[in-house]
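Notes for the one structure printed next.
The values are calculated or read from the model by the stated rules, or taken from the named source; none is laboratory data. For clarity, every value in this text was computed on a predicted model and none was experimentally measured. Cβ sites come from the backbone with ideal geometry, for glycine too, and all protein chains shown count toward neighbours.
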Amino acid sequence: MRPAWVLTVPLVLLVTPLAAQTWNSDQALALARRAVERRTRAAQDSALQDYKAQAHGFLFFLAQVGEGLTEPPRLVKADQLELEVYWKAPDLSKQRIVGWRDRADVPNDMVYHRDHLGIVQNNFGPLIRLGEGDEVRDVPHPISDGGMGLYDFALGDTVTIVLPERSVRVLTLRVRPKDFAQSRIVGSVYVDAETADLVRLSVSFTSASYLDKQLEDVSIVLDNALWENRFWLPYRQEIEIRRRGAWLDIPARGIIRARWEIDGYVFNLGLVPAWFSGQEIVALPRSEVDSFPWSASIDAAIGDVAEPVRRNDLERVRAEVRRVAGARVLSGLSPRRLGARRVSDLVRANRVEGLALGLGLVWRAAGDRIETRLLASYGFADRRPKGWVSLAAGGVQLAAYRELRDVADQAVIAPLLNSIAAREFGYDYGDYLLADGATLGLRRALGVRGEWQLTVGRERIWSVAARAAPARGALRANVPLGDATLDFARVAIRRRSAGFAVQRDLRAGVVFEAGRLGGGATYGRAAGGGHVLVPLGATRLLVRGDGGVASEHLPPFRAFVLGGRGTLLGDAFRSWGGRAAAVVHAEWRVPVRGLEIGVGALGRLPAALTLAPYVAAGWADRPVTGTPWVATPGTRVTLGLGFEILGVVRVEAGYGLQSRRARFALDVTRDFWDIL
């Protein structure tokens with residue numbers, strides 16, 4: 001049985017915006033009172049005594065990393081559940097898990113709270129609880145007897161749905177606490193104008209609501225549908241719980257995302273109260289749960305649901321909540337914490353600094369709209385203090401810095417792994433310069449997945465020498481890149497990756513740069529890169545490319561370089577470079593079924609490893625005077641084979657067709673480089 005109407009899939013939709021948002025107007029308060037009265041009467045409606053329904057759900061555990069947390073999250077674990085849902089007036093609820101399977105892409109010890117495994121009944125009732133009361137406990141519902149005196153209300157837009165039988169008008173009611181220092185919700189409720197039934201709940205919480213100090217925020221959307229042209233009952237639900245470190249602000253976030261669809265309603269079965277005894281959410285015996293007849297593999301099911309989950313991302317809910325809350329802080333995290341952009345800001349090693357230790361602080365204000373960040377470090381071999389200070393607000397960032405920087409635009413190894421290799425074995429995969437400077441930047445969104453950024457600045461560039469001594473082996477000398485003062489302007493345009501568990505993907509970015517050296521010489525430079533992912537049956541084809549071109553008078557520290565790990569593994573490291581370069585890497589990603597091996601608290605090793613035969617081709621031309629990098633004698637080609645384990649470790653071998661040399665590399669997968 002299908003619902004008569006669903007808010008999110010209208011036949012004809014007309015939105016009538018209100019001229020202004022006025023809090024606690026007579027009309028808004030009257031609608032809120034009608035909604036409260038309707039919820040009270042609904043529990044006594046003799047026409048609906050009980051029902052049974054089916055709930056189809058996914059729980060995703062995701063990891064999001066990288067500076068600014070702008071890249072889409074990566075799937076760590078996915079659980080698919082099938083539930084039988086029962087309800088009896090006035091407020092009895094029972095949910096039975098009849099099917100449950102999972103897929104772990106990375107070993108983890110995730111254990112969900114029991115109420116994460118089921119749907120929300122009765123739009124939460126008078127008090128809202130999440131995580132069995134460990135995350136959010138007893139927050140008053142605004143559409144309840146006790147809620148009217150605790151919240152402010154304002155009318156929003158009117159949504160009109162025209163159906164063959166009749167038109168349905170749905171009124172938006174904005175909700176905010178009278179006291180933001182208390183445990184309350186913030187957001188919008190949608191009310192049927194005729195019956196005052198709750199149609200939709202789209203909310204988050206005040207910071208005081210979060211009992212878990214690692215909780216950043218919780219976003220909730222509960223969609224009801226009109227069944228049998230009378231009963232507004234659960235139809236679709238999405239809940240997202242975001243966590244970060246309680247004391248260290250580092251760009252890493254854990255996300256639990258639940259998505260449910262409810263259908264198959266059967267009404268007035270004559271369920272007895274004894275049926276609802278015990279815990280609300282229970283599971284059938286493991287043998288029955290495991291034998292549930294799924295219609296498709298879990299990989300196919302995740303692929304089917306990933307697209308709508310990404311399109312309906314709860315970021316727009318958070319944006320609406322921020323508009324309602326104004327400048328008030330809603331995050332559960334402390335506004336002042338220790339902070340860093342990556343692990344290597346705290347501890348790193350290279351052949352210039354030797355061992356370097358650092359620490360940072362971050363302050364946020366005005367509902368996280370203003371951020372001040374301070375970072376300081378000291379290298380024990382070069383004996384130079386370094387640091388970064390920035391102020392960001394409304395997409396504008398002012399920054400001043402002294403930092404050690406690699407000459408390449410893109411990293412070729414996980415920074416933390418490079419520190420270990422440099423410190424312990426004498427292998428350092430960087431060519432460094434010291435930059436003192438200041439920048440002013442402006443960042444704006446381009447649609448859902450895109451953005452552009454304008455940055456202007458001045459830098460003083462210094463050559464630096466290798467001063468460290470590794471535990472074993474010998475470090476190569478650092479390439480002298482000259483001293484110069486540089487004024488520059490950069491325009492960057494990028495399209496982010498689509499997200500987790502996608503069948504196909506496109507990520508791309510380009511940076512246009514104009515610079516003027518202290519001596520008066522000017523140059524232009526354009527660099528870009530990205531990847532394309534397309535399905536090939538049960539496998540995937542990934543094509544990744546980077547490159548650029550620059551004008552005459554390009555300073556040595558802005559040259560393009562390639563060769564060795566990260567670009568052409570079959571050639572010597574950074575043997576090629578110039579004012580023009582390009583590298584293309586194409587690999588065929590084949591899932592390989594392996595054994596599931598228990599790893600204690602981390603659960604099971606994933607059943608699917610990835611085998612990735614690949615070919616990489618690179619070219620460089622127009623060498624820059626004063627650098628050791630030369631043009632390639634034609635196109636250089638590497639044939640290789642990669643093997644990814646647990647979605648975290650990548651082992652790779654490459655054979656250079658021209659060099660006739662085979663080389664090997666061990667690394668962390670690229671998804672985690674930004675955080676390391």
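Among the conditions (1) modelled with pLDDT of 85 or more; (2) surrounded by 15 or more Cβ atoms within 10 Å (Cβ to Cβ), the only one that V329 does not satisfy is (1).
Residues that are of a type in the set (A, V, I, L, M) and farther than 25 Å from Q453 by Cβ within region 501-542 comprise A501, A521, V534, L536, A538, L541, L542, listed in sequence order. Can you pull out the residues in region 620-643 that are crowded, with 18+ Cβ neighbours inside 10 Å and touching a Ser or Thr at 6+ places or on another chain (Cβ under 9 Å)? Answer for region 620-643, where residues must be crowded, with 18+ Cβ neighbours inside 10 Å and touching a Ser or Thr at 6+ places or on another chain (Cβ under 9 Å): A620, W629, T632, R636, T638, G642. For region 551-566, residues that are without any contact (Cβ under 8 Å) to a residue 60 or more places away in the chain and assigned to a strand (DSSP E or B) total 1. Of all residues in region 122-136, at least one satisfies being over 28 Å from the mean Cα position of the chain (by Cα) and touching a residue at least 24 places away in the same chain (Cβ under 8 Å).
Against the numbered list (1) more than 23 Å from the chain's Cα centre (by Cα); (2) closer than 27 Å to D26 by Cβ, T206 comes up short only at (1).
Evaluation of Y210 against the conditions (1) out of contact with any Phe, Trp or Tyr (no Cβ under 9 Å at 6 or more places or on another chain); (2) aromatic (F, W, Y); (3) crowded, with 21+ Cβ neighbours inside 10 Å; (4) over 22 Å from V111 (Cβ atoms) shows that the sole unmet condition is (4). For the residues D91, D109, D115, the requirement of being under 28 Å from the mean Cα position of the chain (by Cα), among the acidic types (D, E) and either under 21 Å from V136 (Cα atoms) or crowded, with 19+ Cβ neighbours inside 10 Å (or both) singles out D115. Might you check whether a residue that is out of contact with any Asp or Glu (no Cβ under 9 Å at 6 or more places or on another chain), in the same structural domain as R257 (by TED's automatic domain parsing), not charged (D, E, K, R) and not in a strand (DSSP E or B) occurs anywhere in region 193-205? The answer is yes, given that some residue of region 193-205 is out of contact with any Asp or Glu (no Cβ under 9 Å at 6 or more places or on another chain), in the same structural domain as R257 (by TED's automatic domain parsing), not charged (D, E, K, R) and not in a strand (DSSP E or B). Scanning region 244-296 for residues that are among the hydrophobic types (A, V, I, L, M, F, W, C) and free of Cβ contacts under 8 Å to residues at least 12 places away in the same chain yields V272, A274, A296. Of the strands (runs of 3 or more DSSP E) contained entirely in region 52-143, those carrying at least 2 residues that are under 27 Å from D263 (Cα atoms) and not basic (K, R) fall at 74-88, 92-104, 127-130. Taking the criterion of being at negative phi, surrounded by fewer than 16 Cβ atoms within 10 Å (Cβ to Cβ), touching a Ser or Thr at 6+ places or on another chain (Cβ under 8 Å) and charged (D, E, K, R), would at least one residue in region 165-181 satisfy it? Yes, some residue in region 165-181 is at negative phi, surrounded by fewer than 16 Cβ atoms within 10 Å (Cβ to Cβ), touching a Ser or Thr at 6+ places or on another chain (Cβ under 8 Å) and charged (D, E, K, R).
Checking each residue in region 657-676 for being among the aromatic types (F, W, Y) and not in a strand (DSSP E or B) picks out F672, W673. With respect to the conditions (1) buried (at least 20 other Cβ atoms within 10 Å of the Cβ); (2) in contact with a Lys or Arg (Cβ under 9 Å, 6 or more places away or on another chain), Y235 falls short on a single one, namely (2). If the condition is being touching a strand residue (DSSP E or B) at 6+ places or on another chain (Cβ under 9 Å) and at pLDDT below 80, then region 44-63 contributes only D45. Total residues in region 132-147 satisfying the condition of being surrounded by fewer than 20 Cβ atoms within 10 Å (Cβ to Cβ) and either within 21 Å of D79 (Cα to Cα) or out of contact with any Leu (no Cβ under 9 Å at 6 or more places or on another chain) (or both): the figure is 2.
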